[in-house]
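For reference, the structure is listed below as C-alpha cells.
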Amino acid sequence: MKIQDITVEYQHNPIGLDTAAPRFAWKLADDSQNIYQKAYHIQVSKDDEFRELAWDSRKVDSDESIQIVYNGETLTSFTEYFWRVKVWDQEETETDWSDIGRFEMAMMSWKDWEADWITPEYDYKAPKTACPILRKEFQIGKRVTKARIYVTAKGLYELWLNGKKVGRDFLTPGWTSYNKRTLYQVYDVTDMLKEGGNAIGATIGSGWYKGELGWRSRRNLYGGREALIMELHMTYEDGAVEKILSDGTWQSSYRGPVICSEIYHGETYDAQKEILFDTYGCGFEDWFHVRVMGAAAKDILHAQECPPVREKLVLRPVELLRSPNGQQILDMGQNMAGHVRFRVKGKAGERVVLRHGEILDSEGNFYSENLKGARQRVEYILKDEQEAVFEPHFTYQGFRYVLIEEYPGEIKKEDFEGIVLYSDISQTGKFHCSDENLQQLTQNILWGQRGNFVDIPTDCPQRCERLGWTGDIQIFCDTAALQMETPLFLRKWLHDVAAEQFPSGGVPWVVPDIYDDTYAYDLVGYTGQSEKVAAAWGDCATVVPWNLYQAFGDKRILEEQFDSMKKYVEFIRKQGPCEYTWEGQHQLGDWVALDAPYGSFVGATDVDYVASAYFAKSTEILYKTAEVIGRDKEYKIYRELHHNILKAFQEKYVDEDGELTVKTQTALVLAANFGLVSEELASNYMKKLAEWLKETNYDLITGFVGTPYICHALTKYGQVETAYKLLFKKEYPSWMYQVTKGATTVWEHLDGIRPDGTLWNPRMNSFNHYAYGSIAEWIYRDITGLKICEEVPGYKKFQICPRLGKELDSAEFAYESMYGKIVSGWKRTEDKIEYHITVPVNTTAELRLVGSELLECQVPYQKIKDEYVLETGSGDYWFTMRE
Ligand code: BGC
C-alpha cells in the first residue's frame, strides 16, 4: 500500500495557516482488492529529520485517513513544521513513511502584527478615480535564506518587489465583510530579494471595498480610503530576523498608470504614466507621504482561508467577426469570467478600447443592455512604439464577445487571449456520456461554477450585481461539491454568513451584505420589513455546512457554524404566527418559475408553503448536526421541533383526502423530497406529477426552489422515465432548449432568449447563472448513481445505484474524493449493460445495479426486487447485466 497526496487543511505544503489544530489527510493506493487502513502514525516536527517532535500520535488504531486533527504542542507563529505519516493495512503490514509534507504558521494572533495600516496622502491634482501607489526602498547587507510577506489592503492590491509581481493571485485580498473580517495573504519571496538596494511597492484598486456595488450604484460601502498593511520578514544566513513594515516611512502617489479600475466597469490604464515604483532608485521625484492610520483595527485580520483567485485557463478567440453594423468583435467561443490579455504595437497616445458582452443580438450585433450599469470597458493608452502586452488589474468581466472599439493597426485574433479567473480550487468530478447535448449541458454547468466562484459564490459575473446571493449557492452547493473541492472556498464564505447574520438570527439575502433598503424595493416592492431574510436563501446557513460535512467528512465546519445554524432556526421559530410554521413574511418563493403570474418573478407556489418546508429542512439538518457534534440537549430539542413542524405542516397543507392544498409542481416536489409527508403520500404525489408532466409535454416550469429536486423526487419514487424525459426535452421550456440555442453556460431564465428570438427583460437577464445548473446533482447522483451514505460521510462509504434511461447508451462519472478516485460508469451493448466501478482504498461501496440478470460478477450479491445488491471494498470491478 502506498501513501499519496498528503495534505494539511486540504492544501499541499501551505505557508499561511492560523488554525490552532490543522487537519491532515492522505490517500492510499493499492492494486489488490478490499484493502483498508487499520492504523496510522503521524509525526510533526520542527526539523525535517524529525528529531524535535511537536506531535507524535504513535500508532493509532483507526481507519480514518482524512480530517485527522493535530493534537500536539501549541503551534507557534511564523514556524515551519514538517510532517509524515505511515499506516498499517488490515493484515498489519506497515508502510514506509510517506513523503515529507510541510506547513507553516502565519500569525496565530492578530496581536502579532507589528506593522500599521497606512494610507496615501491625497493629491488634488491627480484624477479622482486614480489608483494609488505605495512604496518603500530598503537595503539588504547579508544573504537572506528565508523571506515571507504578510499583506492585505483596504481595496484590492497588487504587490511588486524588485520589478516583479509578488505571487500569481488576482483580486486579493478577495471579498469578505471587511470591517468585521479582512484576510491577509502570505507569500514566499526568498528568491525575489537581492543584496544591496531593494524596492517594494503596491498599487491599490477600489475593488469591492470602495468601488461601485449593487444596482443602486453605491460606493464606499466599507470606507473611503485605500490602505495597506504589510510585513516582510527576512531571515538571514546567521539566523537573525529583520522586518520591513508598512509605516510612516513609505512614499505614495496617485499619479500612476491605473487611472480608474472597478469591479463592474473595467479599467483605464495610461502606460505613459508608468513609474518604476518597484525598482530601487526609481527616479520619480513627486512622491507624497503616507498617513499612518493608528486607529484602524487589526483585530479583524485573519490569514487567508481559501485559495485565491488565479488565472486558471487561457482561451483563444475562435473567431474575429465583422457584425452587420460594421464592428469588429472577438468570439471567445465560451461565456467566461476573467479578462482579456492582448498584445499591441502602435504610437504613443494611441488606444485600445474593449467592451465585453455575453451574447450578440438577434441581428448579430454586439449586445450589452443586460449588463445594466456595469460598463465592462477596458482602455489602454500606449506609451511608445514598443510592442506591449496588457491585462487589467482590479476588475473582471463576464463575457463571451469582445467588441474592439479602438485598436491601432490591424486586429489579429492571435493577439488576444481570454484569461479565465476563479478561485484556485481543484476539479473533483468529471462526467462523460453518449449524448452530445447532455455532455454540453454538464460542461455549461461547470463553466457556470467557474464564472461564479470568483472568491465568493456569486449569482452572475457580468451585470452590476455579482453578489453572494445566498439562495443561489444554497441550491447549487451539492452540484458544486461534485464538480470542485469546495470546503475551503465555502468555509471562508460561511464565516461571513455568520458574521453578517442579523441580531435576530436572520441571514441577509446577500453575503457579504451590501444591504440597501431601496435596492430591495427595486427588486420586489417595499414591504416595510427592515431585515431582508427569505426562505431558501437564509437556509444556506444550514444547508451549505451540512453539504460540506456530507461530501468531505468535514465535521469542523459543523462545529464552527453550529451557533449560526441554531440562530437561524431560532429566528424562523420566532416569525410565527405559530411556533411551527413560517408565514406572512415577505419572501422570494420559487424564484423565476415559469408558473409565475404575469410580470412577477415569484413562482405560483404559495410563499408560506415554501417557507415552512424550508423551516422543516433546516431544523432537520440542525438536529442531525447536533447529534454529529455531540450536542445532546440540542439534538433532543430540535428533533422534537422538527416533529412538530411536520405535524403543523401536514395539518395546514394536506387535506382529508391526502391531497396538497397548494397545487403546483414545486409544492409536490418539496413535500416528497423534504420528507414532509408519509412515503405513501409522497409516492402518490410523484405519480401525479409524472402524469401532470406527461400532459404538459414535459415542460419544465419550476423555479429556483423546485428545480434542484424535481428529478430526485421523481426518481426516488420510481418515476425514472419521467425524470429522463424532463431532462432530455429539447423544446422550450427545458434545460436542453438553451443548449440547442448554443448556450455555453446556464441561463438565469429558461426563456432568456425565447424561441422567437426575443430576449427576456434586460433588467435581469444573465446568461451565466448557475442556479438551474443544480440539475447536475441529479445527473451525477442518479444517472451514474454516486450517493453519499449519510451516517458515514465523506464517501468513506458510498452507494452506486445508476438509473438507466433509453436516451443514453453510456455514462461515466469519475469523482476525486478525499479517499481517492471513485468511478461509476455504464455502457449499453446490444441487450447487455456493462458496469465499471472503482472503489478507493479504505472505502466501501454498496452497489445497487438494475437489470434482469447479472451475468458476470466477482462479488457475492443478493437480488432485492429489481436490483442486484452487492457490497464491496476497494478495487476495480466490471459487471455484465442483461437489460
Ligand atoms: C439574483 C438571483 C437572486 C435573486 C433573488 C437576483 O437579482 O441574480 O440569482 O437569487 O435576485 O431575489
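The values are calculated or read from the model by the stated rules, or taken from the named source; none is laboratory data. Not measured: the values here are computed from a predicted model. A quick note on method: Cβ atoms are made from the backbone with ideal geometry, for glycine too, and the neighbour counts reach across all protein chains shown. Ligands, DNA and RNA are excluded from the accessible area calculation, which covers all protein heavy atoms including side chains. Shrake-Rupley method; radii C 1.70, N 1.55, O 1.52, S 1.80 Å.
Structural remarks
- Once backbone amide H atoms are built at 1.01 Å from N, ALA54 has VAL44, SER45, LYS46 as its partners under 5 Å, excluding neighbours fewer than 5 places away on the same chain.
- Proximal aspartates and glutamates relative to LYS636, as straight alpha-carbon distance under 12 Å, when same-chain residues fewer than 8 apart are discounted: GLU620, GLU627
- Spin-label zone in the range 248-274 - amide nitrogen under 19 Å from a point set 7 Å from the Cα of ALA348 along the C-beta vector: 255-259, 269-274
- Under the span-like rule (Cα at least 18 Å along the axis, Kyte-Doolittle mean at least 0.0), DSSP H helices of the chain: 470-483, 487-500, 607-628
- Local charge for TYR638 was computed over the other residues whose Cβ lies under 13 Å away, with Lys and Arg +1 and Asp and Glu -1, and equals +2.
- Placing +1 on each Lys and Arg Cβ and -1 on each Asp and Glu Cβ, with no other charges, gives the chain a dipole about its Cα centre of roughly 1280 debye.
- Convex hull of Cα atoms in the chain, direction-averaged projection (nm²): 38.3 nm²
- Net +/- balance of residues flanking VAL607 in space, Cβ distance below 11 Å, scoring K and R +1, D and E -1: -4
- Applying 1/(1 + (r/R0)^6) with R0 = 56 Å to the Cβ-Cβ distance of LEU855 and LYS59 gives a FRET efficiency near 0.80.
- Calculated diffusion of the range 71-134, Stokes-Einstein form, Kirkwood radius summed over Cα pairs, 20 °C and 1.002 mPa s, µm²/s: 124 µm²/s
- Counting only protein heavy atoms and using a 1.4 Å probe, the accessible area of ASP188 comes to about 90 Å².
- Across the options GLY794, SER678, TYR10, the greatest Cα extent toward the positive end of the charge dipole of the chain (unit charges at beta carbon of Lys, Arg, Asp, Glu) belongs to TYR10.
- Spread of Cα-to-Cα distances over 5 Å intervals beginning at zero, given as percent, for the range 265-379: 2, 7, 12, 14, 14, 14, 13, 9, 8, 5, 2, 0
- Sequence-distant aspartates and glutamates (8 or more away, or on other chains) whose Cα lies within less than 14 Å of LYS652: GLU579, GLU583, ASP606, ASP608
- Whole-number D in µm² s⁻¹ for the range 652-718, Kirkwood Cα-pair radius fed into Stokes-Einstein, 10 °C, 1.306 mPa s: 135 µm²/s
- Of the two radii for the range 263-303, the radius of gyration is 1.11 times the Kirkwood radius, both from the alpha carbons; that is the Rg over Rh value.
- Overall, the range 249-338 carries a charge dipole of about 100 debye about its Cα centre when +1 sits on the Cβ of Lys and Arg and -1 on the Cβ of Asp and Glu, all other atoms neutral.
- Residue among SER77, THR93, GLN67 farthest towards the positive dipole end of the range 11-94, charges placed on Cβ: SER77
- Listed pairs LYS146/LYS492; LYS694/LYS729; LYS27/LYS796; LYS663/LYS688; LYS725/LYS863; LYS797/LYS827 exceeding 19 Å between Cα atoms: LYS146/LYS492; LYS725/LYS863; LYS797/LYS827
- Rounded to the nearest 20, the Cβ-based charge dipole of the range 611-692 about its Cα centre (Lys and Arg +1, Asp and Glu -1) stands at 360 debye.
- Efficiency of FRET from Cβ geometry, SER683 and HIS432, R₀ 51 Å, rounded to 0.05: 0.95
- Loop GluC sites (Glu not before Pro), the range 732-801, which have at most 15 other Cβ atoms in a 10 Å radius of their Cβ (DSSP): GLU790, GLU791
- Dipole of the chain, positive end: most advanced residue of TYR638, GLY174, ALA551 [Cβ charges, Cα centre]: GLY174
- Rounded to the nearest 10 Å², the accessible area of ILE118 at probe 1.4 Å: 0 Å²
- Each other residue within a Cβ distance under 15 Å of LEU855 adds +1 if Lys or Arg and -1 if Asp or Glu, for a net charge of -1.
- Pairs of Lys in the range 342-459 closer than 22 Å at Cα, counting only those 8 or more apart or on different chains: 7
- Stokes-Einstein D for the range 208-251, Kirkwood Rh over Cα pairs, 4 °C, 1.567 mPa s (µm²/s): 95 µm²/s
- Its residue count N fixes a reference of 2.2 N^0.38 Å for the range 342-492, and the Cα radius of gyration divided by that reference is 1.23.
- A convex hull fitted around the alpha carbon atoms of the range 624-762 yields 158 Å³ per residue.
- Against the rule of thumb 2.2 N^0.38 Å, how large the Cα Rg of the range 1-132 comes out: 1.49
- Hull volume in cubic angstrom per residue (convex hull over the Cα atoms of the range 697-813): 128 Å³
- log₁₀ of I(q)/I(0) at q = 0.12, 0.15, 0.30 Å⁻¹ - the range 809-864, Debye sum with one point per alpha carbon: -0.33, -0.51, -1.32
- When you count the other C-beta atoms within 10 angstrom of each residue and take the mean per peptide, 762-774, 723-735 line up highest first as 762-774, 723-735.
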